[in-house]
Every structure is written in C-alpha cells, then in structure tokens.
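Enquirer: After the structure tokens below, expect a handful of questions from me.
Each value in this text was obtained by applying a stated rule to the coordinates, not by laboratory testing. Remember, it's a predicted structure, so these values are computed and weren't measured experimentally. We place every Cβ from the backbone using ideal geometry, glycine too, and count neighbours over all the protein chains shown.
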There are 2 protein chains.
Amino acid sequence: MEAQGNGAVAAAATAETGETASPGQAIAGPTNPMVTPLLTDLYQFTMFYAYWKAGKHHERSVFDLYFRKNPFGGEYTVFAGLEECIKFIANFKMTEDEISFIRDSLPSSCEDGFFDYLRGIDCSDVEVYAISEGSVVFPKVVQLLETPFLTLINYASLVATNAARHRFVAGKSKMLLEFGLRRAQGPDGGIGASKYCYMGGFDATSNVAAGRLFGIPLRGTHSHAFVSSFMSPDEIVEKSLQSSDGSHTCEDFVSLVQTWLNKIQWSPSLRGIFGETNQSELAAFTSYALAFPNNFLALVDTYDVVRSGIPNFCAVALALNDLGYKAVGIRLDSGDLAYLSCEVRKFFCAVAKDFGVPGFEKTGITASNDLNEETLDALNKQGHEVDAYGIGTNLVTCFAQPALGCVFKLVEINNQPRIKLSEDVSKVSIPCKKRSYRLYGREGYPLVDIMTGENEPSPKVGERILCRHPFNESKRAYVVPQQVEELMKCYWPGSSGKPRVELPALKDIRDRCIKQLEKMRPDHMRRLNPTPYKVSVSAKLYDFIHFLWLNEAPVGELQ
Amino acid sequence: MEAQGNGAVAAAATAETGETASPGQAIAGPTNPMVTPLLTDLYQFTMFYAYWKAGKHHERSVFDLYFRKNPFGGEYTVFAGLEECIKFIANFKMTEDEISFIRDSLPSSCEDGFFDYLRGIDCSDVEVYAISEGSVVFPKVVQLLETPFLTLINYASLVATNAARHRFVAGKSKMLLEFGLRRAQGPDGGIGASKYCYMGGFDATSNVAAGRLFGIPLRGTHSHAFVSSFMSPDEIVEKSLQSSDGSHTCEDFVSLVQTWLNKIQWSPSLRGIFGETNQSELAAFTSYALAFPNNFLALVDTYDVVRSGIPNFCAVALALNDLGYKAVGIRLDSGDLAYLSCEVRKFFCAVAKDFGVPGFEKTGITASNDLNEETLDALNKQGHEVDAYGIGTNLVTCFAQPALGCVFKLVEINNQPRIKLSEDVSKVSIPCKKRSYRLYGREGYPLVDIMTGENEPSPKVGERILCRHPFNESKRAYVVPQQVEELMKCYWPGSSGKPRVELPALKDIRDRCIKQLEKMRPDHMRRLNPTPYKVSVSAKLYDFIHFLWLNEAPVGELQ
C-alpha cells in the first residue's frame, strides 16, 4: 500500500497486473503470517486516499529509511530485517476482506474508485536499494522503502546489534546461547529475537520454533522445576543403562552413582567439603542422565552448588564415565558466577586428579541469570571459569535501550529533491536519491562512509576525495581510499529490469556480520567512549543540501 | 507439551483422544498462528523426554505462574494475556511435522515410543485457574500453567500496566492514542502492544491490523512526508468541494482557503504574527481537507508551528467551516509541547473571536513525540492545552522497564508440596495448590490479598482473619473484611467436569481494568513512592511454608 506515494522508492505501481514482476525465482512470504498489508498505521491509508484524490498517486518518490544515533552508547549498528521486508513487498497484495475492512475504517465519504484501485496494486513498480543484511552500518546510511518496514527493521537491527555487543564482550571463544523467548514482546518478538541474535553472533537458541524456522542450533537441558519434581533416587524404576559402545549393560545405574558419590565424599582433595547431598537433586540428575547419557548437562544451583549440586553432578558424570559416556557440563543460574565457576573448576580438577579421569577438569560450565554486557565485563575483570553464557531478558528486550528509532523520510518526488528541516540539525534529512560508499584505509579498516548524488562519479581507489560532514561546515577531511565498497544494492528491482541481488541464507548473513565486525578499527568498537565512525557527504552533495536548506527555511517577520 | 509433568496443573493427559475435552463452545486458536507447541524452549522437550523415560509423565503436578515485583517502581500490575494462553491450550496438538522436527532436535538415542506418545497428547487433563484478565494484581498472586505462557503473559501484563500508568498520569478526560507499531519488537510485538494498551486504558491505536483483529478504534491522519510531498496549491487539480449538507458546491476551494489566509493575516488579534506561510504545507492541508472534509486533522510542525502550520490550518478550517464542516484539530510532533499548545489555543481563541466562529476555540490539539509518563507529568505541572496524546516508543517498548520477569514454579507434585528455596527470600516459592482472596475495607478499597491452602475455609465478611507476610514473621495484621472476592477462577477445566468461566470480550476486559484501577486506594496508585499493597498468607499456610522450609533447607557440615 505504502508503495503508492507514501513509503515508496518508486510509486507508480500499475493497477493492471496482479503479479509481482520480480525477476528470478519466486520469493517466499514473510515468516510471520500476520505481516500483511494491514500491518501498518491507519494514516498510511488516509494519506494514500488523499494522494489518490489529488491524483498524486502516480508520482515517483524516493524515501530514505535510516536512524540517527547508534544504540547502546556505541558507534555501530548491525543492519537486520531486510529479508523480511523484501518478502513482504514481493508478496504484497490486498485481499477483498482487507479492502473491505479499510473501507469500513475510512470515512464513508471516500469514493469507490479508491477501493477498486487498492484491489490492483502491488509492488511491481517499486525499487528497493539497501545495504546487505548483517552489514555494520552507521547513522543515516540505510536507504529503503515503506513505513511498515520500520516495524521489521527497528527491532531486528537493535537486537542484532545487542547480540554483537555481547559477543564482543564475551570474546570469540565463548559459547553464547540465547534464552530470551519467555521475556520477549510476545511470540513474534521471541522468534525475531532468536533469529537476529544468531545473526549478530550468538551460537544457538533455546527457542524450538526459531530453530525450526531458521535452522538455528538448539540448546537446552532442564529447569529448577525438573529438579524439585523428584523426591529421591528410590523412585527411579528403570535403572539400567547400556554402555556407550553397546558392549555391556549396567543393571543398576542408581547404585553406581551412589558408589561414586561416596568415593567423591572421601577422596583426598575433596574430603570435608560436603556432607549429605540433596536427594531430589540426585534423583533428577540420575534420571536425566538415564534419558540423555550422551548429553548430560545439569543445573546445579537448586539447593547448594558446592555442597550438593556439584557433588551430585560429579557422581553421575563419573558413573557415566564408567560406561564410556562423557558428561557435557553444568549450568549455574544464581549466585556469584565468577566465584562459583572457579570453585566448580577446582572441584572438577580435583575429581580429574583423584580419580584419574583426564579431561574431566575441562567439563563445561554454563552461566545464566540476568546476564548483560556489564555483567560479562565484570566477570572478565574478576576472572572466571565460564565456558558458555545463556542470556535472555537483557538481550531480547534490549534493556539498555529498548528502541532504535529508525525513521523514514521523503527525499525526492517527481525528481524534485525534498528536505525535512528542523531546528534540531540532527533531524534534517539528506535530500535526493543517493549512492553510498565505504572507503577503506591502508590497514584494511573502514575509514569513512560517503554519500554522493546519484549521478556523481564513484570514489576511486588511490584518488583523493573530500569527505564533508553533512551539516557542519568546518568538519571535513581528504581521504585517499585503498578500497572502495559500494554499499547500496538492488534487492527489489520491481519491473525496472535491473538485476536483483539474491537474499542470502541466514548463516551467510551471520558470517558477513562477524567478518565485518572483525574488520572494524578497535577504537570504534570499545564499550566505553568509542571513537565515532564518520558518515560524510561529497562536496557536491554538501553544497546542494545547503542550497536547498536556504531556499526552504521559513523567513520570519521582524517585529 | 509442557502439559506433561512440566508446566501443567494436571499432567495426565490421555493419549487416546485427539480432541480437547473443553465443555461449552469451541475456543478459537491463538491470534498469532506462530503460537504452536514448538514455541517453547528446547529444554521443555528434553525434560519431557526425561520424565517420560522415568515414567513420571502421569504424575499430577501444580505450577504457579507469578511475578516478584511490580514494574515501573509502582505497586500494581494489570494481568493480561490469559485469553491467548487459553486459546493456546484449547488447540494444543502437535503435527507430524512438528514431531519429526523434535525427533531431529533430540539426541538420536531417544526412543520411538516417546514420539508416538507426543502424537496423542493434548490438554484435556489440564486445569487452569487464573485471576480474570484485566484485573489489577500484585506480586505472587497469579496462578497458571505452562512455561510458554510466560511469553504470552510477561509482555502483555507489562505493557497493559504501562498503559494504565500513562492513563493515570494523563487523566480521565484526555484521549490516549497508541502509535507504537513501528518501534515494537516486530509485527506481533506491535499487534500485542495495541491490544494490551487498549486493555490498559488507551482509547485507540494507529495499528490497522490490531483494529481488524480486536475491534480497537483506529486513529491516524498524515505524516511530515505527506506535507513535503506537495510543492504548492497550484498543483491541486480537483478544487471543488460540496457543502456538508449537499446544498451547494464550492468550485474553487483552493481560492477560498487563500482568501481566509489573507483575512487571518490581517485580523485584529493576529496581525503581525506571521508573514508568508509555507506553500507545500498549505497545499498538503488543502488536499487533505478535500479528501476528508469531515475528518480534517493536520500535522502543523513540519516548518514552523505558529508562523506557518497554524495559520495554514486555520485558513483551511475556516474554508471548511464556510461549507458546514468542522475541522477536527491539529497535531504537534516536536518542540515545547506545553508552550506550543498554549500558543495554538490562543490562536484558536483569536480566530473564534475575530471571525465569530463559536466553538473554534475548542478545536482539538493532539501532541506526540517521544511522550512517556514523565513528560505527561511535566506537561501537567507546566500547564498545557493538549486534548489528546499519541504515544509510541516509550509505551510499547516499556522503555522504563522492558521486562516483567514472571516466573513459573512447581509447587506440588503427586499431592506433595514442593518449595523452591533460595538465599534470596524474595525468590522462595509458596508451595501447594492455593486459593486467593481479595479483602475489601469499609471504604470500598481493597485492603489486602490473602492466599490460603486449597482446603481452608474461605475468609468471611465481618469475620476477623489474620493475614501474615509469607516470610517475615513480624509482619502480620488482623483484617475484618467488608467484602471478600475469590480471585482464581477456572478458565480451563480440562476433562474435570468443572464449569469453565467464559473468556470475555476485549471491551469488557478493558472496562474491568478501568473499574478496578479506579477502586484502588490512591496512595497505592501514586507515581512516586506508592504505598505497597500487601499480599499475605493465612496463619495455617504460613506455618506450613515454614515447616517445609526447615525440612528442605540443606544442613551444612561445620568445619
């Protein structure tokens, strides 16, 4: 709908064709079936009617979608949500039901012709240019179309950026698990969070639906409730477990665990550390190991980590070891994670040594419980033994900044540039259809992004070019790029005949994102007071912006 | 799925029947088709397998869903999301595709029998008791089932509470419009936000999809881009407008507007206030009025509110007035809203007086632009003339606190009480199946909520009852209730044969919410340092909790 006049790169969709004119293979619909042409603000329809009434619906217009400020006090943003936008326009078509709802929602004076017109529209005459999804982007350099796109891009980019920031603090070697489903903004918030956290550098999710939809690796074991649902090992009926190689069967795994628990209690390095452990917990761990002998990972903090959870875990793990299975590890969900993880590691080392089980000291330690960038940073500073983090609430709600604030501004109509003025200079839009480039320096780092007019020659490797701040006259610098990357690609050509860039697989987008982040100069990436990355305009575009500005600004009456 | 052992009030779903055994009429599926049995954490399936393997899947267990702390520094929460939970369980059934995905996601050692078992389960043996949706609730008093419910309830309750708080600050007489779609956590976040903000006391939404799904009133007019898409009134081709009563037609509405603009410029009270107004803006307003003569509401801050937007608006409004139409009003989306709204009101009053248009001084003023509780409060303190607020980002993202933190704890299994202990007393769960009552005082305000054991007699009107803090021995008070309200109702009886409470219409839930909030004692409601509302337990339940606590707490070894 917003393909017409409002929210369209190119507005003159033909009313004749019911099919989208996309070249190449068909594009599937949006992941969420609720993403329909009605998922928009009412004023898109009122404005559209007004455009139609004024005969302006065939005018070609250009809109920019961008944000003004990087989130989380940082200097970069991961661009995400493009695929869902393209799927949306590729399948844009209003049903009779939808049209009749719009008819009922608009004043009864609206003319029938408009609703006939709605019936015919699609996005075949729209063109969408965008930076590749998963790219690192900076304020003002995302060009796109359509107001409802904001819904698809705002949160996606925000949470992908949040994930990237968590990865940066955690370090490359840690496993990052997204556990946010239950705290997201409802089902789709949860599914989107899983997708875009993976894109931003997480390794896996607990969200089964997201695993199925997007092929994201799944992780998860058990909760505190699982532990407290057991009373004691006596209630375990099926006690036998076959060895890993199938060569023999242990008929009473429960007794084997008990034997190990006694051995640990009186072993040289661990004597006196614990007394009687919790029996519900022991029963739960044993049952879980019987169900998943190859995937035994236990939550050890339901009662007392060092005096119950860890001894119980080790007893079960050593019993599994007797049968050729290797326990995966433990999870801590409360308490002082730095301290506890070190205590647990010591315990594991003592077991490895006392019982001669090489590798046991490396048993995995996962930490969860309200983690965020700050707590990861604090853990690093304190020293810890955590191998994997499960992060939920703070990650998916973007607690530190819950909205990105993308905007969508008209920059050209009928080949006439449009500028949105504001007393707040950061709110002035950059007019016209533009091209954007990323210029790289000698050391391979990106130096600056530059926007030019559509028909200006592109920056050339080895050629000096003046990069200007769009609004501040005194801020400018010459750059001699060692590499020039054009940022905007055609993801939806409509019927223009231009080649369409294919939508890459999620895994590939994730790889791009990780690679781009690694390429950034470290001072742009640091958590506190990062160096601003500069987004500039060409000298020609600068002059043009300021010419328009003077012409459009209202002239007051002196009184 | 979690209906089995994990996440179930009653766990022994029969594997034979494929139909839910709900009495009464059928319940429609969840609003969002993505709410399927897979919308859950993987560990629900791993635990379920472990329960099945241990033969514990027929044990009956009781789970409590509750939160520990009211959001936004307040002392109340609006309970929301129940309907979607009930729709979810009423239609719970796994497809072959879903089962085969789960099979692929679990270790290959899992036995076939489990997947056969999954095929048969539904929620016919589950029972769900809950406080009515839209009720004002307090920490610890929401009893429900199932972990994925958290996804449906957490954000719903949070955003409904946020909406209620905005309503409280704005006052009853103001119109509150939810404009958050583009800043929500994706499509479903946006749709949920619209539903639950309406429930919490908002009047309308801009979200067309939510309007269609839930019958919420829709509002919206035009954007800044609409204004800048016009160049000048010369481009308006169709200039005629029929009068409101159909008696005559103005052939050149554009000239009529121009005439009025000149009159206003030189009118006694307004002379010298403005010079030439912006012609794009004038063209946009005129076109919008031609399209919607009965619904003319203009965004007046694209250029300069007092020197362009308001004069242009008044010229169009007076031209409409000549033809018998009444303009709806203006919207301010930037600047000092308190100051500007007062200036606009003065302008309207001057127009009403100079041109003898009674009622014009009351033309509506809507304000938007990053509003939240604090800015509404600041506007009230400063004095303003705003009639309606459009609120987006801060409302739907719950900027002030992006997550509620509901939890879901096992409290009973096989008629055995279970308690979750923690060194943090606020994290200790209250064991057993319980009943909850709200006790009202002489003045009609609720005094305290009390939880009792399932089989205790209920509190009686006029009879003194001891209400104890669940964990703090010294906090207790006698209450003589003037009215006793049982809070938990049976919303899903499964096959128990108990009567099921029908799910009310959204409008009725909203009315309940508004009424309940009005009934609260004002000191519980105030924004800063509200008086805590007390949630207590009966003397018997108190004793029982502390008996269990002593028995379950680990006993350390003295060293």
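Enquirer: Run through the other copies and list how far each one's label point is from that of B:K263, in nm with one decimal, shortest first; the point sits 7 Å from Cα along Cα-Cβ.
Expert: Nearest first, the other copies' label points are 10.0 nm away.
Enquirer: Then there is this: What are the nm distances, shortest first, from B:D97 to its equivalents in the other copies, labels at 7 Å along Cα→Cβ?
Expert: Distances between equivalent label points, in nm: 1.9.
Enquirer: Would you work out which of B:V357, A:P107, B:S206 lies farthest towards the positive end of the dipole of the protein assembly as shown? Charges go on Cβ: Lys and Arg +1, Asp and Glu -1.
Expert: Result: B:V357, furthest along the dipole toward the positive end.
Enquirer: Need the list of lysines near A:K56 for cross-linking: C-alpha distance under 18 angstrom, and skip anything on the same chain fewer than eight residues off.
Expert: Output for A:K56: A:K409, B:K239.
Enquirer: Then there is this: At 222 nm, what value in deg cm²/dmol follows for chain A if DSSP H runs of at least 4 each add -39500 (n - 2.57) and the sum is divided by all its residues, to the nearest 500?
Expert: -10500 deg cm²/dmol
Enquirer: To the nearest 10 degrees, how steeply does helix B:506-519 sit against the main Cα axis of chain B, on a 0 to 90 scale?
Expert: Taking Cα atoms only, the helix is inclined about 90 degrees.
Enquirer: In peptide B:200-210, how many Cβ atoms from other protein chains are near each Cβ within 10 Å, on average?
Expert: 4
Enquirer: Give B:K174/B:K515; A:K195/B:K69; A:K93/A:K515; A:K53/B:K507; A:K93/B:K93; B:K263/B:K346 a once-over and call out the pairs whose C-alpha atoms are over 26 Å from each other.
Expert: Correct reply: A:K195/B:K69; A:K93/A:K515; A:K53/B:K507; A:K93/B:K93.
Enquirer: While we're here: Distance in nm between label sites at A:D523 and A:S426, each 7 Å beyond Cα in the beta-carbon direction?
Expert: Distance between the two pseudo-spin positions: 2.2 nm.
Enquirer: Right, something else. Please state, rounded to one decimal and in Å, the Kirkwood hydrodynamic radius that region B:457-559 gives when every pair of distinct Cα atoms enters the mean of 1/r.
Expert: Value: 17.9 Å, from the Cα pair sum.
Enquirer: Once R0 is set to 45 Å, what does the formula 1/(1 + (r/R0)^6) return for the Cβ-Cβ distance between B:R103 and A:D370, expressed as a FRET efficiency to the nearest 0.05?
Expert: 0.85
Enquirer: Using unit Cβ charges (K, R positive; D, E negative) and no other charged atoms, how large, in debye to the nearest 20, is the dipole of region A:409-527 about its Cα centre?
Expert: The calculated dipole for region A:409-527 is roughly 180 debye.
Enquirer: A further question on this structure: Give me the distance between the Cα centres of region A:270-338 and region B:176-254, rounded to whole Å.
Expert: Computed from Cα coordinates, the inter-centre distance equals 59 Å.
Enquirer: Over all residues in A:230-240, what is the mean tally of Cβ atoms on other chains that come within 10 Å of each residue's Cβ?
Expert: 2
Enquirer: Right, something else. Could you sort the peptides B:30-43, A:282-295 by per-residue average Cβ neighbour count (10 Å cutoff), highest mean leading?
Expert: In descending order of packing, they fall as A:282-295, B:30-43.
Enquirer: Another question, then. If you place +1 on the Cβ of every Lys and Arg and -1 on the Cβ of every Asp and Glu, how big does the dipole about the Cα centre of region B:221-366 come out, in debye to the nearest 20?
Expert: It works out to roughly 480 debye.
Enquirer: Within 10 Å, count the other beta carbons around each residue, average over each peptide in B:191-199, B:124-132, and list them highest first.
Expert: Packing order, densest peptide first, comes out as B:191-199, B:124-132.
Enquirer: Have a look at A:G29, B:G383, A:S426 and report the one farthest towards the positive end of the charge dipole of the protein assembly as shown, computed about the Cα centre with Cβ charges (Lys/Arg +1, Asp/Glu -1).
Expert: Of the candidates, B:G383 comes out farthest on the positive side.
Enquirer: Now for a separate question. Given that compact globular proteins tend to follow 2.2 N^0.38 Å, what is the ratio of the alpha-carbon Rg of the protein assembly as shown to that value?
Expert: 1.00
Enquirer: Also, I was wondering about something else. What percentages, rounded to whole numbers, describe P(r) for region B:480-532 computed over all alpha carbon pairs with 5 Å bin width beginning at zero?
Expert: Here the calculated profile for region B:480-532 is 4, 14, 12, 20, 17, 15, 10, 5, 2, 0.
Enquirer: Then there's this: Take the Cα of B:E111, step 7 Å along the line toward its Cβ, and report every residue of region A:319-352 whose backbone nitrogen sits under 11 Å from that point.
Expert: Output list for this probe position: empty.
Enquirer: Let me ask something else. Sorted by average packing, counted as other Cβ atoms within 10 angstrom per residue and highest first, what order do B:387-397, B:335-345, B:373-383 take?
Expert: Highest-to-lowest ranking by the protection proxy: B:387-397, B:335-345, B:373-383.
Enquirer: Among B:F408, B:A54, B:N262, whose Cα projects farthest towards the positive end of the dipole of the protein assembly as shown, with charges put on the beta-carbon of Lys, Arg (+1) and Asp, Glu (-1)?
Expert: B:N262
Enquirer: List the pair-distance distribution P(r) of chain B, using every Cα-Cα distance, as the percent of pairs falling in each 10 Å bin from 0 up to the bin containing the longest distance, rounded to whole percents.
Expert: Distribution as computed: 3, 16, 22, 20, 15, 11, 9, 4, 1, 0 percent.
Enquirer: Next up: For label points placed 7 Å from Cα toward Cβ, what is the shortest-first list of nm distances from B:R68 to its copies?
Expert: When each copy's label point is compared with this one, the spacings are 3.8 nm.
Enquirer: Counting only Cα atoms, I'd like the Rg/Rh figure for region A:239-374, Kirkwood definition for Rh.
Expert: Taking Rg over the Kirkwood Rh, I get 0.96.
Enquirer: With no solvent and one equal point scatterer placed on each C-alpha of region A:346-499, evaluate the Debye formula and give log10 I(q)/I(0) for q = 0.18 Å⁻¹, two decimals.
Expert: -1.16
Enquirer: What average count of beta carbons from other chains do you get within 10 Å of the Cβ of residues in A:392-405?
Expert: Across A:392-405, the average partner-chain Cβ count within 10 Å equals 5.
Enquirer: What size of dipole, in debye to the nearest 20, comes out for the protein assembly as shown about its Cα centre when the only charges are +1 on Lys and Arg C-beta atoms and -1 on Asp and Glu C-beta atoms?
Expert: Using Cβ point charges on Lys, Arg, Asp and Glu, the protein assembly as shown gives about 2280 debye.
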